[in-house]
Amino acid sequence: MTEPKKSLVRYNGKNYLIPFVLITSLFLLWGFAHSLLDVLNKHFQDILHVNYTQSAFVQFSVYIGYLAMGIPAGLIMKKFGYRKGIIFGLLLFATGAFLFYPAALLGTFLPFLIALFIIACGLAFLETAANPYATVLGPPESGAQRINFSQSFNAVGWILGPLIGGLLIFGAEKSDGADKFDSLITPYMIIGCVVLVVAIGFIFTKLPEIKEESDQKHLEENPPMKLLLKYPFFVMAVIAQFLYVAAQTGINSFFINYVTLELPNVQEPVVNIMSHLGGFGEIFTPKNPEQAASLVLAFGGMGMFWIGRLSGSYMMKFFKAQRILAVYGTICTILMLLVTLGLGWLSVIALFSTYFFMSIMFPTIFALGIRNLGPLTKKASSFLVMAVAGGAFLPLAMGAIKDTTGSMALGFILPLLCFSFVAFYGMVGFRIKGKAL
């Protein structure tokens, strides 16, 4: 049969453009939720006076939720399908966001962590469903291209998170602790309402259920886990995904800390830049170093992340995804070396440049990891989503290094090691096939 030219048309000739648009909208929502964590991390340091290690529990409470819910999410996908899994995930997401209101009234750390954990459980369902959905809504060979396109909207959410979070959270001018806790209510109430509307949209929208071809007898005789171990490239993908998310989360968690420590006067140059942007610049003119750093993260780091996703999706028309992964992983390793040296603006530029090159890693590793797995795709997807639990541990380790040595820069040697393995996977990991480990 002739191979279709359009990436959203499967071999049966059915067009999946509308379902693809709906699925893509989810990527923006969870990108926004994740990027707000970076603002929360620094904010809790300021208002609760927790140390770097303790503040890292913001990320821990979220990413450990992926580990806890990864397998249940996969089982629910298998039994009830992608669409119902998405709806359930959105409802959990909204519930966690709305719980920020009572958490703000209580004004202690633990209720916020519980709310974030519930949000993470919802995100685990969304990512378990949406990532493979994006890859199968068209020809298998263009799966990496499609998921990178969808993830480019996720990158838009990552830009909006520190931008709006810095404005609403760091922008709170009142000095008493209760009012600063109240500043957390508005962004999360908005998130909850938007997510609830999207959930209602999915409830009343018919989506095609993507069913992988399967040999039921073969699956009954060979448990899925045993079968997955026969694909070393998948096992290495899980490891690479764990380390990549660990690196990304560690960088995100302490970006604002690193910039404010490396550049104590960062507010002044950011104000000068914003002053040349007219009315738009006046709205986002930073009032303190933390806001200035959040703007650097939003426009510098996350802006590069978004551009990297878009350009990466386009480049995959001409170059193999694993080759781009290898090159970008190597570049990120070099950039992290510059960050650990603490060279002022040079290191800060290297830090936010990393976002461009790590932008394609998650979707590319995901697409490579589930390629040609057929009936094992849903099970494999759940393990790849569980791999984001790496983000729970590296921020704690980086915070402990800062608290122990006094050097924030030294902690970035851990993302350096993670990126080196991602580069290795792109170079040789995907080529290892066939025999069981």
Given R₀ = 22 Å, FRET efficiency for LYS230-LYS317 by Cβ-Cβ distance, to 0.05?
0.10
Counting other C-beta atoms within 10 Å, which of TRP158, TRP306 has the fewest, and how do the rest follow?
TRP306, TRP158
Per principal axis, largest first, the Cα atoms of region 101-164 extend in Å by 51, 25, 13
Percent of Cα-Cα pairs more than 16 Å apart in region 67-108, please.
49 percent
Length released on extending from LEU17 to ALA397, taking residue separation times 0.36 nm less the Cα-Cα span
132.5 nm
Order of TYR16, TYR244 - criterion: other Cβ atoms within 10 Å of each residue's Cβ, fewest first
TYR16, TYR244
With respect to the cross-link table entries LYS84/LYS320; LYS42/LYS79; LYS320/LYS379; LYS78/LYS230; LYS317/LYS379, which display a Cα-Cα separation exceeding 30 Å?
LYS84/LYS320; LYS42/LYS79
Taking the beta-carbon count within 10 Å as an exposure proxy, list CYS332, CYS418, CYS121, CYS193 from fewest neighbours to most.
CYS193, CYS121, CYS418, CYS332
Quick one: length gained pulling LEU417 to LEU106 fully straight, 0.36 nm per residue minus the C-alpha distance?
108.0 nm
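Each reported figure results from applying straightforward, stated rules to the coordinates on display, with no laboratory input. Everything quoted here is computed from the prediction, not taken from an experiment. So basically every Cβ, Gly included, is an ideal-geometry build from the backbone, and we count neighbours across all protein chains shown.
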